[in-house]
Amino acid sequence: MSVFSTVILLNRVEGVAMKRYGFVAVVVSGLLAGCGPKVPPVNAPPTAGPVDMDRYMGTWYEIASLPAPFQEGCVATTAKYEKTFDGTIEVTNRCLHESFRGREREAKGTARLDPLLPDGSRLFVSFFPFTEGAYWVLALDAGYRWSVVGSPDRRYLWILSRTPTMSKSQYEILKGKAERLGYPVSKLVLTQQPPIP
């Protein structure tokens, strides 16, 4: 998911009031791509090819990720993508802090297609004005049941699923895909997700 920036925003909805709260919403931007040129690195990995953004919408559960400071202490991590009436893609990343009973952290942002390859496999995600980070779909199930996404510099990687769990065999297959693309999969950390009722 989950993908967030170096800027810390503190928000929490309580009743109808919006309060400043100890929530870290670190936007993908600064950490994934910085504010430099949008041209990918020379050795950037290939993407999954055309992505049907309508099918990609909805909730994704994080199965595993490379450690990232902005996700420290997160469990039950999800990312939700929604198209608004004007075609904007809204992104909502959520997790619970340290336990399934922990406080909810939430980061809201927007995503746009990379104009250099507008097939849906390369996005720029922003959770804060004037900064955005690269979010690449590296592998995608034909039925949109799982997805492997990461940053083109290979610092960040997420294995996502439409369900909170994934079979060990499927997980190993996706790890293998990411490894062949040059990601340090030995550092992947499994994400705790609550048991299915």
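Please treat every number below as a calculation from the coordinates, not as lab data. This one's a predicted model, so the numbers in the text were calculated from it and none came from an experiment. Because the Cβ atoms are built from the backbone with ideal geometry, glycine has one as well, and the counts that use them run over all protein chains shown.
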Check: Dividing the Cα convex hull volume of the stretch 53-190 by residue count, how many Å³ per residue is that?
Finding: 124 Å³
Check: Which of the lysines could a cross-linker span from residue 187 if the Cα-Cα distance has to be under 24 Å and same-chain partners fewer than 8 positions apart are dropped?
Finding: 168, 175, 177
Next item on the list: For the stretch 76-117, state which chymotrypsin sites (Phe, Trp or Tyr not before Pro) are in a DSSP loop and have at most 12 other beta carbons lying within 10 Å of their beta carbon.
Entry: 85, 100
Checklist line | Alpha carbon centroid spacing (whole Å) that separates the stretch 36-85 from the stretch 133-161 | finding: 5 Å
Check: Which lysines does residue 80 reach when only Cα atoms under 20 Å apart count, and residues fewer than 8 places away in its own chain are ignored?
Finding: 108
